[in-house]
1. Counting only residues that are over 19 Å from P261 (Cα atoms) and polar (S, T, N, Q), how many does segment 209-244 have?
2. Write out, first by first residue and then by second, each pair whose Cβ atoms fall under 8 Å of each other, whose residues are 6+ apart or on separate chains, and whose first residue, in segment 188-200, is closer than 12 Å to N168 by Cα and modelled with pLDDT of 95 or more while the second is aromatic (F, W, Y) and crowded, with 17+ Cβ neighbours inside 10 Å.
3. Considering only residues that are surrounded by 14 or more Cβ atoms within 10 Å (Cβ to Cβ) and either of a type in the set (A, V, I, L, M, F, W, C) or touching a strand residue (DSSP E or B) at 6+ places or on another chain (Cβ under 8 Å) (or both), which ones fall in segment 182-197?
4. Could you check how many residues of segment 242-259 are crowded, with 16+ Cβ neighbours inside 10 Å and among the small types (G, A, S)?
5. Among the charged types (D, E, K, R) and in contact with a helix residue (DSSP H, G or I) (Cβ under 8 Å, 6 or more places away or on another chain) - does that describe any residue in segment 139-156?
6. Which residues, counting only those in segment 251-262, are in contact with a strand residue (DSSP E or B) (Cβ under 8 Å, 6 or more places away or on another chain) and more than 16 Å from L138 (Cβ to Cβ)?
7. From V52, V58, grab the single residue that is modelled with pLDDT of 85 or more and closer than 30 Å to D280 by Cβ.
8. Identify, by number, the condition in (1) outside any loop (DSSP other than H, G, I, E, B); (2) within 24 Å of G44 (Cα to Cα); (3) touching a strand residue (DSSP E or B) at 6+ places or on another chain (Cβ under 9 Å) that E127 doesn't meet.
Amino acid sequence: MNIEIVKDLLSLDQQTFSSFDDFKGSLIESGQFNIKHNDGTFEGLYLPKVGVNNKLFVCLSGARAASKNILPHVQRWKWNQRFKGSTLYVSDPSFRYNPNLSLGWYVGTKDHDWLVDLAHIIESFAEKQGLKSRDVILYGSSAGGFAAMKLASLIEGSVAVAINPQTNVMMYIPIFVKSFLKSNFDTDSLDFSDERLTVMTEEVKNTKSKIFLYQNINDESHYRNHYLPFVEYFNIDKTNQFDNANNIVAKLFDGPEGHGPEPGNKVEGLISLALALSEDSLEEANYIFKGL
(Lines give C-alpha, C1' and ligand atoms only; values in the text may rest on other atoms or scores of the structure.)
Protein backbone atom coordinates (compact mmCIF):
# COMPACT_ATOMS: atom_id res chain seq x y z
CA MET A 1 0.00 0.00 0.00
CA ASN A 2 1.76 3.15 -1.17
CA ILE A 3 2.12 6.42 0.70
CA GLU A 4 -0.61 8.25 -1.21
CA ILE A 5 -3.20 5.57 -0.38
CA VAL A 6 -2.17 5.66 3.28
CA LYS A 7 -2.50 9.46 3.28
CA ASP A 8 -6.04 9.07 1.95
CA LEU A 9 -6.88 6.62 4.73
CA LEU A 10 -5.50 9.04 7.33
CA SER A 11 -7.90 11.68 6.05
CA LEU A 12 -10.98 9.50 6.62
CA ASP A 13 -13.04 9.40 9.82
CA GLN A 14 -12.08 6.90 12.47
CA GLN A 15 -13.94 3.63 12.87
CA THR A 16 -15.18 4.04 16.44
CA PHE A 17 -15.90 1.29 18.96
CA SER A 18 -17.57 2.08 22.27
CA SER A 19 -15.83 -0.75 24.14
CA PHE A 20 -13.39 -3.60 23.70
CA ASP A 21 -16.30 -6.05 23.46
CA ASP A 22 -17.83 -3.88 20.73
CA PHE A 23 -14.53 -3.96 18.82
CA LYS A 24 -13.97 -7.67 19.36
CA GLY A 25 -17.37 -8.53 17.95
CA SER A 26 -17.15 -6.21 14.93
CA LEU A 27 -15.53 -6.20 11.53
CA ILE A 28 -12.84 -3.60 10.92
CA GLU A 29 -11.58 -2.23 7.63
CA SER A 30 -8.37 -0.52 6.53
CA GLY A 31 -8.01 2.94 8.02
CA GLN A 32 -8.13 4.74 11.33
CA PHE A 33 -9.70 3.20 14.41
CA ASN A 34 -10.72 4.38 17.87
CA ILE A 35 -11.45 1.90 20.70
CA LYS A 36 -12.68 3.06 24.11
CA HIS A 37 -11.55 0.78 26.94
CA ASN A 38 -10.82 1.24 30.66
CA ASP A 39 -10.74 5.05 30.51
CA GLY A 40 -8.31 4.85 27.59
CA THR A 41 -8.64 5.74 23.92
CA PHE A 42 -6.77 3.21 21.80
CA GLU A 43 -6.45 4.68 18.34
CA GLY A 44 -4.28 4.52 15.28
CA LEU A 45 -4.09 3.15 11.77
CA TYR A 46 -4.75 -0.42 10.58
CA LEU A 47 -3.49 -1.60 7.19
CA PRO A 48 -4.29 -5.31 6.73
CA LYS A 49 -2.67 -7.42 4.07
CA VAL A 50 -4.12 -10.79 3.13
CA GLY A 51 -1.63 -13.43 2.06
CA VAL A 52 0.22 -16.61 2.86
CA ASN A 53 2.58 -16.54 5.88
CA ASN A 54 1.27 -13.14 6.88
CA LYS A 55 2.45 -11.29 9.97
CA LEU A 56 1.08 -8.39 12.00
CA PHE A 57 3.65 -5.65 12.56
CA VAL A 58 2.65 -3.39 15.45
CA CYS A 59 4.44 -0.03 15.40
CA LEU A 60 4.59 1.78 18.73
CA SER A 61 5.38 5.49 18.90
CA GLY A 62 7.82 7.49 20.95
CA ALA A 63 7.65 11.10 22.13
CA ARG A 64 5.53 13.73 20.44
CA ALA A 65 5.41 17.52 20.37
CA ALA A 66 2.28 18.09 22.47
CA SER A 67 2.03 21.70 21.29
CA LYS A 68 1.27 20.53 17.73
CA ASN A 69 -1.76 18.61 19.04
CA ILE A 70 -1.69 16.09 16.18
CA LEU A 71 -3.53 12.92 17.15
CA PRO A 72 -3.43 10.04 16.72
CA HIS A 73 0.35 10.12 17.03
CA VAL A 74 1.65 7.31 14.81
CA GLN A 75 5.15 6.75 13.49
CA ARG A 76 6.73 4.80 10.61
CA TRP A 77 3.54 4.73 8.53
CA LYS A 78 5.54 6.05 5.57
CA TRP A 79 7.53 2.81 5.76
CA ASN A 80 4.43 0.69 5.36
CA GLN A 81 5.62 -1.02 2.18
CA ARG A 82 8.83 -2.09 3.91
CA PHE A 83 6.97 -4.20 6.48
CA LYS A 84 6.36 -7.69 5.09
CA GLY A 85 2.85 -8.12 6.44
CA SER A 86 -0.12 -6.27 7.85
CA THR A 87 0.61 -3.19 9.92
CA LEU A 88 -0.98 -1.69 13.00
CA TYR A 89 0.15 1.78 14.07
CA VAL A 90 -0.93 2.59 17.63
CA SER A 91 -0.94 5.96 19.37
CA ASP A 92 -0.27 6.12 23.12
CA PRO A 93 -3.63 6.44 24.97
CA SER A 94 -1.99 8.87 27.40
CA PHE A 95 -2.06 11.55 24.71
CA ARG A 96 -5.87 11.63 24.74
CA TYR A 97 -6.00 11.17 28.50
CA ASN A 98 -3.85 14.29 28.93
CA PRO A 99 -3.24 16.36 25.76
CA ASN A 100 -0.31 18.11 27.45
CA LEU A 101 1.79 14.95 27.75
CA SER A 102 4.71 14.32 25.43
CA LEU A 103 5.37 10.79 26.74
CA GLY A 104 3.31 8.08 28.37
CA TRP A 105 5.07 4.80 27.53
CA TYR A 106 1.62 3.17 26.95
CA VAL A 107 1.69 2.31 30.68
CA GLY A 108 -1.73 3.58 31.71
CA THR A 109 -2.90 5.01 35.02
CA LYS A 110 -2.87 3.97 38.65
CA ASP A 111 -6.26 2.35 38.05
CA HIS A 112 -5.79 0.80 34.60
CA ASP A 113 -2.92 -1.13 33.01
CA TRP A 114 -3.20 -0.05 29.38
CA LEU A 115 -0.37 -2.34 28.27
CA VAL A 116 -2.48 -5.34 29.29
CA ASP A 117 -5.47 -3.80 27.51
CA LEU A 118 -3.41 -3.07 24.40
CA ALA A 119 -2.09 -6.64 24.37
CA HIS A 120 -5.69 -7.90 24.23
CA ILE A 121 -6.53 -5.46 21.45
CA ILE A 122 -3.48 -6.52 19.40
CA GLU A 123 -4.33 -10.19 19.84
CA SER A 124 -7.87 -9.45 18.66
CA PHE A 125 -6.54 -7.68 15.55
CA ALA A 126 -4.39 -10.74 14.83
CA GLU A 127 -7.29 -13.12 15.42
CA LYS A 128 -9.47 -11.20 12.97
CA GLN A 129 -6.87 -12.05 10.31
CA GLY A 130 -6.55 -15.68 11.33
CA LEU A 131 -3.13 -15.05 12.88
CA LYS A 132 -1.66 -16.39 16.12
CA SER A 133 0.21 -14.56 18.87
CA ARG A 134 3.49 -15.86 17.41
CA ASP A 135 2.69 -13.94 14.21
CA VAL A 136 2.78 -10.61 16.06
CA ILE A 137 5.92 -8.46 15.68
CA LEU A 138 6.18 -5.44 18.00
CA TYR A 139 8.40 -2.65 16.74
CA GLY A 140 9.40 0.72 18.16
CA SER A 141 12.14 3.03 19.36
CA SER A 142 12.59 5.02 22.56
CA ALA A 143 9.26 4.90 24.49
CA GLY A 144 7.84 2.76 21.69
CA GLY A 145 10.69 0.30 22.22
CA PHE A 146 9.89 0.14 25.92
CA ALA A 147 6.26 -0.65 25.11
CA ALA A 148 7.28 -3.26 22.52
CA MET A 149 9.31 -5.19 25.09
CA LYS A 150 6.61 -5.01 27.77
CA LEU A 151 3.95 -6.14 25.30
CA ALA A 152 6.12 -9.07 24.21
CA SER A 153 5.92 -10.45 27.74
CA LEU A 154 2.11 -10.20 27.55
CA ILE A 155 1.65 -11.66 24.04
CA GLU A 156 3.11 -15.14 24.28
CA GLY A 157 5.39 -16.16 21.43
CA SER A 158 5.55 -12.71 19.85
CA VAL A 159 8.70 -10.86 18.75
CA ALA A 160 9.83 -7.42 19.92
CA VAL A 161 12.37 -5.15 18.23
CA ALA A 162 13.32 -2.18 20.41
CA ILE A 163 15.68 0.55 19.18
CA ASN A 164 17.34 2.86 21.72
CA PRO A 165 14.56 2.16 24.22
CA GLN A 166 14.06 3.26 27.75
CA THR A 167 14.22 0.13 29.89
CA ASN A 168 13.27 1.90 33.13
CA VAL A 169 10.94 4.89 32.90
CA MET A 170 12.21 6.26 36.20
CA MET A 171 15.72 6.64 34.74
CA TYR A 172 14.54 8.93 31.95
CA ILE A 173 14.65 12.75 31.94
CA PRO A 174 13.03 13.80 35.27
CA ILE A 175 10.81 16.58 33.87
CA PHE A 176 9.08 14.14 31.50
CA VAL A 177 8.82 11.42 34.14
CA LYS A 178 7.33 13.80 36.71
CA SER A 179 4.82 15.16 34.21
CA PHE A 180 3.67 11.65 33.35
CA LEU A 181 3.48 10.48 36.97
CA LYS A 182 1.54 13.56 38.05
CA SER A 183 -0.94 13.09 35.24
CA ASN A 184 -1.45 9.32 35.38
CA PHE A 185 -0.43 8.25 38.88
CA ASP A 186 -1.20 11.35 40.95
CA THR A 187 2.39 11.69 42.18
CA ASP A 188 5.51 13.43 40.96
CA SER A 189 7.92 11.63 43.28
CA LEU A 190 10.98 10.16 41.58
CA ASP A 191 11.04 7.59 44.40
CA PHE A 192 7.84 6.11 43.00
CA SER A 193 8.06 2.41 42.21
CA ASP A 194 5.84 0.23 40.03
CA GLU A 195 6.83 -2.85 38.02
CA ARG A 196 4.90 -1.48 35.08
CA LEU A 197 7.60 1.18 34.71
CA THR A 198 10.53 -1.18 34.09
CA VAL A 199 11.42 -3.95 31.67
CA MET A 200 13.66 -5.58 34.26
CA THR A 201 11.06 -7.89 35.81
CA GLU A 202 10.64 -11.62 36.32
CA GLU A 203 7.66 -11.50 33.97
CA VAL A 204 9.86 -10.33 31.11
CA LYS A 205 12.75 -12.60 32.10
CA ASN A 206 10.48 -15.64 31.95
CA THR A 207 8.74 -14.74 28.71
CA LYS A 208 8.64 -17.22 25.84
CA SER A 209 8.63 -14.33 23.38
CA LYS A 210 11.79 -13.12 21.66
CA ILE A 211 13.18 -9.67 22.39
CA PHE A 212 15.92 -7.84 20.49
CA LEU A 213 17.30 -4.56 21.86
CA TYR A 214 19.37 -2.51 19.38
CA GLN A 215 21.29 0.31 21.03
CA ASN A 216 23.31 3.13 19.48
CA ILE A 217 26.52 3.40 21.48
CA ASN A 218 26.57 7.14 20.72
CA ASP A 219 23.32 7.57 22.63
CA GLU A 220 25.30 7.99 25.83
CA SER A 221 22.49 8.46 28.36
CA HIS A 222 20.49 5.49 27.10
CA TYR A 223 23.60 3.35 26.85
CA ARG A 224 24.51 4.14 30.45
CA ASN A 225 21.11 4.34 32.14
CA HIS A 226 19.04 1.86 30.13
CA TYR A 227 21.20 -0.50 28.06
CA LEU A 228 23.79 -1.44 30.70
CA PRO A 229 21.22 -2.22 33.44
CA PHE A 230 19.27 -4.27 30.86
CA VAL A 231 22.21 -6.47 29.82
CA GLU A 232 23.24 -6.89 33.45
CA TYR A 233 19.76 -7.93 34.59
CA PHE A 234 19.27 -10.40 31.74
CA ASN A 235 22.91 -11.60 31.88
CA ILE A 236 23.61 -10.69 28.25
CA ASP A 237 27.16 -10.49 26.90
CA LYS A 238 28.74 -9.82 23.50
CA THR A 239 28.74 -13.53 22.58
CA ASN A 240 25.00 -13.99 23.10
CA GLN A 241 22.91 -15.00 20.12
CA PHE A 242 19.41 -16.39 19.82
CA ASP A 243 19.11 -20.06 20.75
CA ASN A 244 16.84 -22.28 22.81
CA ALA A 245 18.36 -20.87 26.00
CA ASN A 246 18.54 -17.21 24.93
CA ASN A 247 15.42 -15.42 23.75
CA ILE A 248 16.44 -11.94 24.95
CA VAL A 249 19.43 -10.55 23.04
CA ALA A 250 20.96 -7.09 22.71
CA LYS A 251 23.46 -5.53 20.33
CA LEU A 252 25.25 -2.21 20.08
CA PHE A 253 25.64 -0.28 16.86
CA ASP A 254 27.68 2.81 15.99
CA GLY A 255 25.18 5.24 14.50
CA PRO A 256 25.79 8.78 13.26
CA GLU A 257 23.28 10.27 15.70
CA GLY A 258 22.61 9.81 19.38
CA HIS A 259 19.13 9.04 20.58
CA GLY A 260 16.60 8.55 17.85
CA PRO A 261 15.13 5.98 15.48
CA GLU A 262 17.12 3.30 13.67
CA PRO A 263 19.32 4.32 10.72
CA GLY A 264 17.52 3.92 7.41
CA ASN A 265 20.08 1.42 6.15
CA LYS A 266 19.35 -0.90 9.09
CA VAL A 267 15.59 -1.13 8.62
CA GLU A 268 15.56 -4.03 6.15
CA GLY A 269 17.89 -6.03 8.38
CA LEU A 270 15.79 -5.44 11.47
CA ILE A 271 12.60 -6.45 9.66
CA SER A 272 14.28 -9.57 8.26
CA LEU A 273 15.57 -10.46 11.73
CA ALA A 274 12.08 -10.07 13.20
CA LEU A 275 10.56 -12.28 10.49
CA ALA A 276 13.18 -14.99 11.03
CA LEU A 277 12.59 -14.93 14.78
CA SER A 278 8.83 -15.09 14.24
CA GLU A 279 9.35 -18.25 12.14
CA ASP A 280 11.72 -19.61 14.81
CA SER A 281 14.46 -19.77 12.17
CA LEU A 282 17.26 -19.14 14.63
CA GLU A 283 20.13 -19.95 12.28
CA GLU A 284 18.86 -17.40 9.78
CA ALA A 285 18.15 -14.90 12.55
CA ASN A 286 21.70 -15.16 13.88
CA TYR A 287 23.15 -14.75 10.38
CA ILE A 288 21.18 -11.50 10.02
CA PHE A 289 22.09 -10.51 13.57
CA LYS A 290 25.80 -10.68 12.75
CA GLY A 291 25.36 -8.26 9.86
CA LEU A 292 23.51 -5.59 11.81
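The values are calculated or read from the model by the stated rules, or taken from the named source; none is laboratory data. This one's a predicted model, so the numbers in the text were calculated from it and none came from an experiment. We place every Cβ from the backbone using ideal geometry, glycine too, and count neighbours over all the protein chains shown.
1. The number of residues fulfilling the criteria is 6.
2. Qualifying pairs under 8 Å: L197/W105; V199/F146; V199/F230; M200/F230; M200/Y233; M200/F234.
3. N184, F185, F192, R196, L197
4. Residues meeting the conditions: 2.
5. There is at least one residue in segment 139-156 that is among the charged types (D, E, K, R) and in contact with a helix residue (DSSP H, G or I) (Cβ under 8 Å, 6 or more places away or on another chain).
6. Selection gives K251, L252, F253, D254, G255, E257, G258, H259, G260.
7. Numbers: V52 fails: modelled with pLDDT of 85 or more.
Exactly one of V52, V58 is modelled with pLDDT of 85 or more and closer than 30 Å to D280 by Cβ, namely V58.
8. The number of the failed condition is (3).
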